[in-house]
Amino acid sequence: MRQGADRSPFKDRGDDLYQTPACATQALIRTGELDNLRDGLIWEPAAGRGAIVRELLNFGFRVLPQDLVAYDNQDPPYPDVGYDFLLERSAPASVAAIVTNPPYKLADQFIRHGLSLGLPVIVLLRLMAIEGANRSDLIDKHLVRVWAGIERLPFMHREGWSGTKHSNSGAPFAWFCFSPEPRGDRPIELRRMSWRSSL
């Protein structure tokens, strides 16, 4: 899912780690979107250093953190590493949903695979991900809700980035909520939220 013409070439982006700002996960929690997941596990298959995991745990959710790559300075509980999410044949026991900021170059594949495992998938993406003929199967059939930020998120710099650091993102972001069951004739819900409000 290439989201914008100004993105770095894939070959320069390594493992595509962009750490999620704490306010992004806090905003998702505030919406109540995750409230029905408190009895199960939330799977974070691209946990990186644990940015999303840390916020979910802080607010009482149970989380299974995994990643393909081991990063320095990961937060406890340390993600299980060496797991290629796209090769998983079934969801781990007690997992109720996937919540992740996927590698952008693999975002469509992450969503499709999560849905194929029978799980709701909630992903942080640029708002322009609503576009694109190549992901019509996802948007037109499985996207049920979009939580769009009314402000810009803090800028997510790529791991190892040594260029100019920006304070705010140049593009709007949103949490996209996909259901493994086809949406049918129901319209996609568009809701707005603030990244800035505190919990």
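The values are calculated or read from the model by the stated rules, or taken from the named source; none is laboratory data. Since the structure is predicted, the reported quantities are computational estimates derived from the model, not experimental observations. All Cβ positions, even for glycine, are placed from backbone atoms using ideal geometry, and neighbour counts span all protein chains on display.
Summary of values
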{"item": "Contacts under 9 angstrom Cβ, first residue in the stretch 10-26 being modelled with pLDDT under 85, partner assigned to a helix (DSSP H, G or I) and among the charged types (D, E, K, R), 6 or more apart", "result": "Phe10/Lys105; Arg13/Lys105; Asp16/Lys105"}
{"item": "Identity of the residue in the stretch 118-135, without any contact (Cβ under 8 Å) to a residue 60 or more places away in the chain and under 24 Å from Ala91 (Cα atoms), that ends up surrounded by the most Cβ atoms within 10 Å (Cβ to Cβ)", "result": "Val121"}
{"item": "Matching residues in the stretch 136-172 - criterion: being modelled with pLDDT under 95, buried (at least 17 other Cβ atoms within 10 Å of the Cβ) and of a type in the set (A, V, I, L, M, F, W, C)", "result": "Leu153, Met156"}
{"item": "Qualifying residue in the stretch 60-79 (condition: closer than 25 Å to Arg192 by Cα, surrounded by fewer than 16 Cβ atoms within 10 Å (Cβ to Cβ) and not aromatic (Phe, Trp, Tyr))", "result": "yes"}
